[in-house]
Amino acid sequence: MVPVPRAQELLAPPAWRTVECISDLHLQPSAPATFAAWRGYMERTRAGALFILGDLFEAWVGDDAAGEPGFDADCTAILAATARRLPVFLMHGNRDFLMGAGLAAQTGLTLLEDPTVLQFGAHRWLLTHGDALCPEDTDYLVFRDKVRSAKWQGDFLAQPLAQRQAIARGLRSESEEHKRSDRHYPDVDTEAALQWLRDADAGVMVHGHTHRPAEHALDATHRRIVLSDWDAAAQPPRLEVLRLQRDGMAERLPLP
Ligand SMILES: [Mn+2]
């Protein structure tokens, strides 16, 4: 059984005409084209607010990593510049769960609980990364419980930055191995998704994580919309934003 968490509530102020959602960019130094596409998007977006629903980064080993020149600092500067123009909300994914209060303070963005209900006009959108809704992924859920604990995070963050970066590199090559091994990736459980939606009194769930962009009718009155991951080097490139309107419309926008 998938536990049903109490969703945080967020009320969109009247000034927001549109809200944009992205997720699963997996930003990393070895994918410069995806980073450039993201930077361009962050500079140009005219959304009333931006919601990043997890896995913005392939790895985040602690907010202090942004304190030295390099990729993490560059990304932090971009987040800060966007957050000066519009509200930016950031949810943890299964990769970047160590983004913390330091990053939020440094950039002016708001960390978002998973799940969160966005009340936008008359419509309630349930926003989640999606990893907690995949009960078949049993090994991962055990790992998730472990690394979300204050004890594990405290112990990990107590290690020197260089050591944490080395551990992240190790995990990354392990995950590359996994990708090559053609294993079956678990998907979101329909019953669990319906329970979360009913509990939150929301009609539509928006999530990422599975990298299977689609829209699913769960029953007559509930839907789930799956965000695309980002890969500028793929053919065709996968660079997509989900734009929500106050009237309940949701539209996928491929980036140029
Ligand atoms: Mn994920």
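The values are calculated or read from the model by the stated rules, or taken from the named source; none is laboratory data. These numbers were taken from a predicted model, which means no experiment stands behind them. Here the Cβ positions follow ideal geometry from the backbone for every residue, glycine too, while neighbour counts run over all protein chains shown.
The number of residues in the stretch 121-150 that are small (Gly, Ala, Ser) and either within 13 Å of the ligand (Cβ to nearest atom) or free of Cβ contacts under 8 Å to residues at least 40 places away in the same chain (or both) comes to 4.
Among the candidates GLY108, GLY93, GLY102, single out the residue that is under 19 Å from the mean Cα position of the chain (by Cα) and either of a type in the set (S, T, N, Q) or on the phi > 0 side of the Ramachandran plot (or both). Just a single option satisfies the conditions, and that option is GLY108. Taking the criterion of being more than 14 Å from LEU253 (Cα to Cα) and exposed (fewer than 12 other Cβ atoms within 10 Å of the Cβ), the residues of the stretch 30-49 that qualify are SER30, ALA36, GLU43. Pairs are defined by a Cβ separation below 6 Å, a sequence spacing of at least 6 or placement on different chains, a first member in the stretch 35-46 that is at pLDDT 95 or above, and a second member that is in a helix (DSSP H, G or I); the pairs so defined are ARG39/ILE78; MET42/ILE78; MET42/THR82. Taking the conditions (1) surrounded by 18 or more Cβ atoms within 10 Å (Cβ to Cβ); (2) within 28 Å of ARG144 (Cα to Cα); (3) of a type in the set (A, V, I, L, M, F, W, C) in turn, ALA73 satisfies each one other than (1). Looking only at residues in the stretch 180-230 that are in contact with a Ser or Thr (Cβ under 6 Å, 6 or more places away or on another chain) and more than 19 Å from VAL2 (Cβ to Cβ), the one that is surrounded by the fewest Cβ atoms within 10 Å (Cβ to Cβ) is PRO213.
Residues in the stretch 233-254 that are farther than 18 Å from ASP24 by Cα, more than 20 Å from the chain's Cα centre (by Cα) and without any contact (Cβ under 8 Å) to a residue 60 or more places away in the chain: MET249 only.
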